[in-house]
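Colleague: Before anything else, here's the structure in question.
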Amino acid sequence: MDHVLSSATALSIAHVLAGALVLVSFMMLYQDRLSSVINVLALHAVVLGCAVGWQAYIQHAPALYITAGLALGFKALVIPIALHRIVERFGIHREVEAVGGISLTMLGGIGLVALSMVVMLRTAAHADALAREDVALALSVILLGMLMMVTRRNAVSQIAGFMSLENGLILAAAGAQGMPLVVEISVAFSVLIAFIVIGVFLFRIRERFDTVDSTALDAFRGEAS
Amino acid sequence: MSGPAFDAVIATIAIPAAAAAILAVVPSWRLATRLNVIASVLTIAAACLLLWHRPAPTALFLIDDLNIVFLLLNGFVGCTTSLFSAGYIAHELQTGHLTPRYLRFYHAMYQVMMVGMNLALITDNLGLMWFGVELATLSTVMMVGIYRTPASIEASWKYLILGSVGIALALFGTILVYLAARPVLGIGMAAMQWTNLRHHAAALDPALLDVGFIFLLIGYGTKAGLVPMHAWLPDAHAEGPTPISAVLSGLLLNVALYAILRFKMVLAMSHATIEPGILLIGVGLLSLFFAALMLYRRRDIKRLFAYSSIEHMGIIAFAFGIGGPLGNIAGLLQMMMHSLTKSAIFFSVGHIAQAKGTQKIAAITGLTTSHPLLGWTLVAGVAAIAGLPPFGIFTSEFLLITSTFARAPLLAVLLGFGILLAFGALLLRMTGLCFGEPSAGSYPVSASSVPIVLHLGVVLLIGLAMPAFLYAWFAHVATMLG
């Protein structure tokens, strides 16, 4: 195992794939159409599948192939198709989302990536090279996913943000060599996402969870005076 | 491995799991409510067996003095809530708020939630603990949305999204702790085992533990309803069925806090540079003050008590942050007393909302005249939760304030002020709700007073005279917590 891990090429490929995931997270931030958000989400899952598959190969951890397969099959195909159908059924496929200032969001994203690099590279200084870079990039993906969830108001975009956040977690877990339960955790997350998507579909949730516009919420709460 | 004792550990999750499978297919709701009660009784019986036959720790499960308290509390409140729930849902069926099909789902989810919480409590594996909390969260999300009104779907969506982000961050924290443990404990399961982590804590990478704990505090803190991650809590409590409000406040918040405590225990033995105590004190005070101020402008009765839960979680976090033998005893006692009192209050409130047909505080007055039993139990419950003697919460808050005065007088003043602030709001609302002219409009309810009286009785008993064995037990756990 060690001779593969120490080989510089194996490491570089792992880093390139993890870096690509961060890049795709950025791409998601500036999409203003729902259908393109979903397409980028599928791309995100494909990159994750490749990254996890590569980890499975260099760590000789065949169980991780299941996680990779789940990313490629479920997250890159099934969920995007379901989301496309939801968008079509709700008739919001042409809707352009008011994303509050793309340049500002991108700047925020760059700040978050810089933050996670500074924090994680310093904290994980004594971990092995594979885990260190991987965790730093994974935290970037997680924070960008949260940024996506905060800046969007549409339920479908929030699901996309949550899924990209979760992809970052799977990347971190796969990079932490020999971490137990990774496969089980990725399955648990897939079940969770399936529930969320089914919930949105059944209850026709379009725009929810906007804590900014609290006047609208107060009406729901029965607390408007 | 002694046979019967080991079986009892598994039984605390196997019984609710089996019950969930059965309840999902039982067509008659009357039978289902009975089965739900029976399963809950069996679960607490299994938990009680563990008192006598403490099994040896295995790779996956660990029963120690800390989690057995929570396991028993979980079993007890789970049991009484299932009793309350039987009467509550019968009324919901009559009024047409729920249909039998949804009830099947509701009962199955209730038991799934018990599986998740018990799993999180008994496991020694940090990955499984995370899984248990996620399971409990998901099942409660489903139950919160069960009325399918716009408001309840809104509430469960908010709960789902915030809860998911919370558990995601908790998982990232868990991964970081694993990374810190891997060089010392080797690759694989051993590095995820809490007992090993605590034993070898001094050798773990302090920097990774520091950052990991912050993620865990934010992640599990979201589930525990600590400010500023609390936004889901009032909605989930107000819009879901009342039995669920009772177990959310009484149990799930505790389980999330228990997870934070486990990690705090690891950090206490390590060379990590951050002080978990200071973080907990900060978050605790913030939650206390925020919730105390918010209590004043509540108009919905369930929302009022939801904010009171945030307030109490703040006090508990503060207590464990102060730490030391007395601080920890106060925290543990407060956790127990709050669970029992708050669930009793929600039992009363559930019946009150059904009797009055509304949850609006302004529309409910004079309960002690119109519904003496419900009114007076609510008076007792609010007096207990506000921290009046002779109830148990007075004991724990008194203990906490005096022990804090000895170590950090300024913090004690802040704490006392926050508690007084909340006290004022609760008494103000209580007098409005319970006394004066009864408001018009009242539907008959068949309230079961057994769970309410049982809970408040225990709280009163502990407030009047805490049994010596209980105090000795708390003192022992307090030294474990450090």
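FYI, it's all coordinate maths here, none of it is from the lab. Note that the structure is a prediction, hence the values are computed from the model and not measured. Backbone-built Cβ (ideal geometry, glycine too); neighbour counts: all protein chains shown.
Colleague: When Lys and Arg each count +1 and Asp and Glu each count -1, what net charge do the other residues less than 14 Å away from B:V283, Cβ to Cβ, add up to?
Modeller: Values: positive: B:K223, B:K264; negative: B:E275, B:E311.
So the surrounding residues net to 0.
Colleague: Sticking with this one: Suppose the chain between B:A363 and B:I274 were pulled fully straight at 0.36 nm per residue; how much longer would it get relative to their current alpha carbon spacing?
Modeller: Separation in residues times 0.36 nm, less the Cα-Cα distance, equals 27.1 nm.
Colleague: Suppose the chain between A:H60 and A:L107 were pulled fully straight at 0.36 nm per residue; how much longer would it get relative to their current alpha carbon spacing?
Modeller: 13.1 nm
Colleague: Relative contact order (percent) for segment B:293-360, with alpha-carbon contacts under 8 angstrom and 6 or more residues of separation?
Modeller: 38 percent
Colleague: Can you give the translational diffusion coefficient of segment B:276-335 in µm²/s, computed by Stokes-Einstein from the Kirkwood radius over Cα pairs at 37 °C and 0.692 mPa s?
Modeller: Answer from the Stokes-Einstein relation: 284 µm²/s.
Colleague: Taking Cα pairs under 8 Å and at least six residues apart, what relative contact order does chain B come out at, in percent?
Modeller: After rounding, I find 14 percent.
Colleague: Quick one: compute the contact order of segment B:275-482, relative version, from alpha carbon pairs under 8 angstrom and 6+ residues apart, as a percent.
Modeller: On the way: 308 pairs, mean separation 61.2, N = 208.
Once normalised by length, the contact order is 29 percent.
Colleague: Work out from phi, with θ = phi - 60° and the Karplus expression 6.51 cos²θ - 1.76 cosθ + 1.60, the ³J(HN,Hα) of each residue of segment A:52-64, listed in order in whole Hz, and give x for Gly and Pro.
Modeller: My calculation for segment A:52-64 gives 5, x, 5, 4, 4, 5, 6, 8, 6, 10, x, 4, 5 Hz in order.
Colleague: Over the alpha-carbon set of the protein assembly as shown, divide Rg by the Kirkwood Rh and report the Rg/Rh ratio to two decimals.
Modeller: Rg/Rh for the protein assembly as shown comes to 0.96.
Colleague: Moving on to the next point. When all C-alpha to C-alpha distances in segment B:74-148 are sorted into bins of 10 Å, what percent of pairs does each bin hold, rounded to whole numbers?
Modeller: 19, 45, 26, 9, 1
Colleague: What's the lysine pair count for the protein assembly as shown at a Cα cut-off below 28 Å, pairs eight or more apart or interchain?
Modeller: 17
Colleague: Okay, next question. Any idea how far apart A:T9 and B:T95 come out in nm if each label point goes 7 Å out from Cα toward Cβ?
Modeller: With each label point 7 Å from Cα toward Cβ, the separation is 7.1 nm.
Colleague: Enumerate the residues in segment B:267-287 having an amide nitrogen under 18 Å from the point lying 7 Å beyond the Cα of B:F417 toward its Cβ.
Modeller: Counting backbone N atoms under 18 Å from the label point, the list is B:281-287.
Colleague: Something else about it: Mind jotting down the three principal axis lengths of segment A:7-220 based on Cα atoms? Whole angstrom, largest first.
Modeller: In descending order, the Cα extents are 57, 32, 28 Å.
Colleague: Moving on to the next point. Starting from the Cα of A:V150, step 7 Å along the direction of its Cβ; do the same at B:T149; then give the gap between the two resulting points in nm.
Modeller: Using points 7 Å along Cα→Cβ, the separation is 3.3 nm.
Colleague: Using R₀ = 35 Å, calculate the FRET efficiency as 1/(1 + (r/R₀)^6) where r is the Cβ-Cβ separation of B:H53 and B:H199; round to 0.05.
Modeller: Details: r = 24 Å, r/R0 = 0.69.
Once rounded, the FRET efficiency stands at 0.90.
Colleague: Take each complete run of DSSP H in chain B, measure how far its Cα atoms stretch along the helix's own axis, and keep only those covering 30 Å or more with mean Kyte-Doolittle hydropathy at least 0.0; list them.
Modeller: Qualifying helices, which must be both long enough and hydrophobic enough, are B:29-52, B:65-94, B:100-122, B:150-185, B:301-322, B:324-356, B:409-434.
Colleague: Summarise the long-distance tail of P(r) for chain B by giving the % of C-alpha pairs beyond 40 Å.
Modeller: Across chain B, Cα pairs with separations above 40 Å total 15 percent.
Colleague: For segment A:15-26, just list the computed ³J(HN,Hα) in residue order, Karplus coefficients 6.51, -1.76 and 1.60, θ = phi - 60°, integers in Hz, with x standing in for Gly and Pro.
Modeller: 5, 4, 5, 5, x, 4, 5, 4, 4, 5, 4, 5
Colleague: If packing is taken as the average number of other Cβ atoms within 10 Å across a peptide's residues, how do A:15-24, B:45-54 rank, most packed first? Can you show the working numbers first?
Modeller: Details: A:15-24: 19.0, B:45-54: 17.0.
Highest-to-lowest ranking by the protection proxy: A:15-24, B:45-54.
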